[in-house]
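Okay, structure first, notes after.
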Amino acid sequence: MKLRSLIILSAVCSATASLAEDLDFYRDVYPFLKVNCISCHNKTTTKADLNMETPELMIKGGESGPSIVPGKSAESLIVAASRHTQDMEMPPPNNKSGAVNLTPEEIDTLRQWIDQGAKSSVQKERAVAWQPLTASVDPIYSVAMTKDGRYAACGRSNHIYLYDLATRQFVAQISDPAEKGGAAHRALVQSLSFSPDGTRLASGSFREVKIWRLEPKKIPAKPLAAAPADAAVVKKIADANKVAVLSSAASADGKQIATGCADGSVRVWDVASAKQLNDLRGSVSTQQKMAALDWTIAAQTLEQAFQKAEVARMETQNKALDVLLGKANEAIVAMKKVLPEKQKAAQPTTAAKATAQKALDDLAAQVAKLPGGKPDAALDKQLKDAQDKLITAKMSEVSALAAVSAAESNVKDAEDDVKRITDSKAKNAKAIAAANTAIATAKAAQEKASAELATTKQALAKATAKPVAVAFSADAQRVAAMFDDGVLRVWAAATGTPVEEGSATAAATTTITAGSDGSFTATKAVSLSVGNTAPHWTLERKLEGKDLFADRVNAVRFSPDGKTLATGGGELSRSGDILFFDVASGKVIRTWKERHADTVLSLDFSPDGKCLASGAADKIAKVTDIASGKQVNLFEGHTHHVLGVAFRSDGRVLATAGADNLVLTWDMLMGERKKKIEGWTKEVTSLQFIGATNQIVTSAGDNRVRVVTDDGGEIRSIANLPDYMQASVSTPNGATIIAGGEDSILRMWDGTNGKELAVFGNK
């Protein structure tokens with residue numbers, strides 16, 4: 001019995017000690033407030049002007065006064081609201097935050113903490129216990145493409161995969177040796193961006209950014225002799241297609257034949273049908289030149305369209321000004337016609353006033369001469385009549401002079417209007433002349449580039465060098481040809497894209513052999529090797545830490561010169577942060593904390609690199625001058641998160657994508673909305689201007705990849721895709737589009753017709 005009593009007494013003492021122990025705000029109270037209260041009462045969303053993120057802010061209170069009274073839970077509004085008393089019910093039913101009523105235990109904890117003085121405490125940093133991501137968690141949230149359109153990268157789960165779009169092959173998985181399972185990050189890959197020269201790739205994840213550098217790796221290989229093509233098949237192909245074959249080779253599986261032809265072309269044929277699969281021409285340098293010419297043509301076309309629109313706008317404005325000018329001149333004529341009449345009409349009123357004044361003065365003089373200065377009744381009446389007449393005369397004069405003044409003022413106003421309108425027309429005339437000059441300059445540049453492009457294409461069709469030897473790669477994905485000018489070129493067999501080239505620089509090796517019949521044979525040979533390296537990406541730098549990144553890094557973007565990397569993120573519902581890093585050193589060079597009221601989701605540099613556009617969960621897009629940090633534009637138009645921002649190549653238009661199923665385009669010169677583009681049924685998750693055009697490629701949650709113009713026209717819609725699409729990009733010439741989404745598949749289309757070209761699964 002004694003033992004049982006001791007046990008009971010011990011338990012009671014323990015419970016009493018527990019109740020007496022001070023509660024810790026962040027350990028005991030903050031967790032249930034964060035889930036059920038702080039979502040509506042925080043720094044960003046401060047309903048009823050009440051912030052509940054700290055004890056100090058709750059004591060400060062909101063519209064109804066302090067929400068807590070330290071030491072007095074019974075008088076604290078937060079307790080009354082949580083208990084649904086005093087006509088208060090918090091959280092409200094059917095709220096959008098998913099908040100639920102506090103449990104009796106939580107209310108008791110809240111009351112006890114308040115009664116103990118509502119003391120604050122130090123929030124302890126919790127160590128994140130990273131767990132392996134399950135295989136089923138592998139969405140593609142981000143994709144990126146090198147500027148030349150050769151390589152594409154996508155993030156799946158916490159992995160990064162690289163693809164060769166020329167050969168349509170998986171190339172490599174980019175991995176951090178410090179991570180498990182070949183992963184690039186510990187958490188999901190949220191953002192990707194290639195540097196302009198394609199030698200660096202930035203990836204963003206939870207509280208970290210990694211910069212990967214391209215370091216081509218030499219591949220050890222044994223030389224394999226080119227497989228000979230069946231002579232009968234080669235003859236059949238030559239006869240059927242009327243081509244002169246100089247050299248030939250077969251693929252390892254024997255299904256394809258490559259031929260070097262007398263017209264300088266290298267062609268790939270299907271053995272079974274003897275049909276041509278591809279015509280391989282040109283070189284890497286030629287392709288780069290043609291891409292640059294394509295860009296120039298598109299840019300100058302865009303410039304002409306802009307300047308023509310400006311001319312049309314100013315000409316329309318001039319027509320309106322002409323109407324106003326005509327009215328102003330008519331007003332001058334009309335007012336000048338009536339002005340003399342008004343002036344003439346004013347003269348008698350002035351004379352009448354003078355006469356009335358004299359009459360009054362004469363009567364006043366008579367009164368002054370009378371004894372005591374007092375007029376009799378008759379004179380007094382005359383005096384009052386004279387005063388009334390003077391008042392009437394003065395009013396008549398004032399009215400007449402006002403009419404004169406009004407006419408003169410109308411003339412002056414009309415003359416000022418004429419000057420203002422004339423000045424505006426003169427200014428417009430100069431602007432129109434400048435625009436027409438710009439149109440002529442752009443047209444000349446476009447025509448020059450078009451002519452040069454046509455010449456380059458003609459040169460490809462009439463190549464002078466002859467392919468003296470051809471061969472397939474072991475996997476038949478590439479075709480090589482040696483030309484009689486000493487140049488070795490390699491193409492992607494699937495697309496015909498030139499991928500490598502080299503020319504002989506060393507002297508040829510010459511040998512002479514003697515035959516048993518007394519003859520001599522001289523052999524001159526040169527050894528040339530290309531294609532023996534593979535793209536290999538190594539981790540160059542890791543930028544991490546809560547002091548840098550509060551949460552996920554949702555956006556990464558290289559500056560146009562590749563020297564700066566901008567990152568966007570922040571703490572959800574609290575801040576939108578943007579940081580700038582020097583790519584060479586990894587040092588932070590600019591920090592824009594709380595640039596937005598909610599986390600930053602998208603970034604883009606202006607073409608000249610002087611400004612940065614940012615879109616955030618606060619439904620706002622901003623354009624900021626980088627050097628000064630001053631806001632240039634604030635665009636409000638979306639009613640949900642701004643998921644994408646993109647500058648047009650000339651910097652005159654900014655496009656924004658929203659979770660409100662809209663794309664908005666903004667006139668950067670006027671600082672106002674240009675167009676509201678509709679047609680999506682779910683979130684528009686990404687957007688990018690295609691090269692130097694006014695076309696925008698978008699991805700969306702309605703299982704579509706859609707191309708529109710910045711004035712709202714639809715170019716193409718790739719619809720009925722299997723799942724929610726998260727990201728898309730295009731080559732500058734619009735020839736290739738890639739996109740990925742929730743189904744973890746990276747898809748590749750012909751941008752000119754929407755035909756699917758390749759599908760890359762999770763390798």
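The values are calculated or read from the model by the stated rules, or taken from the named source; none is laboratory data. Remember, predicted model here, so these are calculated numbers, not experimental data. Here the Cβ positions follow ideal geometry from the backbone for every residue, glycine too, while neighbour counts run over all protein chains shown. Please note that ligands, DNA and RNA were not included when accessible areas were found on the heavy atoms of the full protein model with its side chains. Shrake-Rupley method; radii C 1.70, N 1.55, O 1.52, S 1.80 Å.
From the list ALA99, ALA129, ALA80, the lone residue that is surrounded by fewer than 16 Cβ atoms within 10 Å (Cβ to Cβ) and hydrophobic (A, V, I, L, M, F, W, C) is ALA129.
In the range 170-184 there is no residue that is on the phi > 0 side of the Ramachandran plot, loosely packed, with under 13 Cβ neighbours inside 10 Å and free of Cβ contacts under 8 Å to residues at least 12 places away in the same chain.
Which residue is nearest to the chain's Cα centre (by Cα), if the candidates are limited to the range 595-645 and must be of a type in the set (S, T, N, Q) and closer than 17 Å to THR45 by Cβ? The extreme case among them is THR599.
Taken over the range 85-128, residues that are farther than 18 Å from ILE59 by Cα and in a helix (DSSP H, G or I) amount to 4. The residue that is farthest from GLU408 (Cα to Cα), among those in the range 339-357 that are in contact (Cβ under 8 Å) with a residue 60 or more places away in the chain and surrounded by 16 or more Cβ atoms within 10 Å (Cβ to Cβ), is LYS342. Counting the residues of the range 666-692 that are assigned to a loop (DSSP other than H, G, I, E, B) and either open to solvent by 60 Å² or more (accessible area, probe 1.4 Å) or closer than 17 Å to GLY615 by Cα (or both) gives 8. Within the range 234-283, the set of residues being open to solvent by 60 Å² or more (accessible area, probe 1.4 Å) and assigned to a helix (DSSP H, G or I) comprises LYS235, LYS236, ASP239, ALA240, ASN241. Listed by first and then second residue, the pairs linking a residue in the range 133-157 that is hydrophobic (A, V, I, L, M, F, W, C) to a residue that is not in a strand (DSSP E or B), with Cβ atoms under 7 Å apart and 6 or more places separating them unless they lie on different chains, are LEU133/SER157; LEU133/ASN158; VAL137/SER157; ILE140/SER744; MET145/THR731; ALA152/LEU165. Counting only strands (runs of 3 or more DSSP E) wholly contained in the range 553-647, no element carries 2 or more residues that are within 25 Å of ASN51 (Cα to Cα) and hydroxyl-bearing (Ser, Thr, Tyr). Taken together, the residues in the range 476-535 that are modelled with pLDDT under 70, closer than 23 Å to SER247 by Cα and over 39 Å from the mean Cα position of the chain (by Cα) amount to 13. With the structure loaded, tell me whether VAL137 is in contact with a Pro (Cβ under 7 Å, 6 or more places away or on another chain) and either open to solvent by 20 Å² or more (accessible area, probe 1.4 Å) or small (Gly, Ala, Ser) (or both) or whether it fails that test. Here the answer is no, as VAL137 does not meet what is asked. Close Cβ contacts (under 7 Å, 6 or more residues apart or on different chains) running from residues in the range 296-308 that are charged (D, E, K, R) to residues that are in a helix (DSSP H, G or I) and buried (at least 19 other Cβ atoms within 10 Å of the Cβ) comprise GLU303/ALA442; LYS308/ILE439.
Please verify whether the range 640-660 includes one or more residues that are surrounded by 24 or more Cβ atoms within 10 Å (Cβ to Cβ), of a type in the set (Asp, Glu) and within 30 Å of ASP148 (Cβ to Cβ). Among the residues of the range 640-660, not one is surrounded by 24 or more Cβ atoms within 10 Å (Cβ to Cβ), of a type in the set (Asp, Glu) and within 30 Å of ASP148 (Cβ to Cβ), which makes the answer no. Go through (1) closer than 18 Å to CYS154 by Cα; (2) free of Cβ contacts under 8 Å to residues at least 60 places away in the same chain; (3) open to solvent by less than 50 Å² (accessible area, probe 1.4 Å) for VAL759 and report which single condition fails. Just one mismatch for VAL759, condition (3). Within the range 551-567, the set of residues being more than 25 Å from SER97 (Cα to Cα) and in contact (Cβ under 8 Å) with a residue 24 or more places away in the chain comprises ALA555, VAL556, ARG557, PHE558, SER559, PRO560, ASP561, GLY562, THR564, LEU565, ALA566, THR567.
Of all residue pairs spaced 6 or more apart or on separate chains, those with beta-carbon atoms under 6 Å, a first member in the range 384-412 that is surrounded by 13 or more Cβ atoms within 10 Å (Cβ to Cβ) and a second member that is β-branched (Val, Ile, Thr) and part of a helix (DSSP H, G or I) are SER396/THR349; GLU397/THR349; GLU397/THR350; ALA400/THR349; ALA407/VAL338; VAL411/ILE332. Checked against (1) touching a residue at least 24 places away in the same chain (Cβ under 8 Å); (2) farther than 30 Å from LEU321 by Cα, SER424 passes all but condition (2). Within the option set ALA617, ALA627, ALA584, ALA597, being closer than 21 Å to LYS542 by Cβ, small (Gly, Ala, Ser) and surrounded by fewer than 23 Cβ atoms within 10 Å (Cβ to Cβ) holds for one residue only, ALA584. Tell me, yes or no, whether the range 443-456 has at least one residue that is in contact with a strand residue (DSSP E or B) (Cβ under 7 Å, 6 or more places away or on another chain) and small (Gly, Ala, Ser). Checked against the condition, which is being in contact with a strand residue (DSSP E or B) (Cβ under 7 Å, 6 or more places away or on another chain) and small (Gly, Ala, Ser), the range 443-456 yields no hits at all.
For GLU330, the conditions (1) acidic (Asp, Glu); (2) modelled with pLDDT of 95 or more; (3) farther than 30 Å from LYS457 by Cα are fulfilled apart from (2).
The residue of the range 545-569 that is surrounded by the most Cβ atoms within 10 Å (Cβ to Cβ), among those that are among the charged types (D, E, K, R) and closer than 20 Å to ASP197 by Cβ, is ARG557. Based on this model, can you work out whether GLU330 counts as among the acidic types (Asp, Glu) and closer than 30 Å to THR731 by Cβ? No; evaluated as a whole, the condition is false for this residue.
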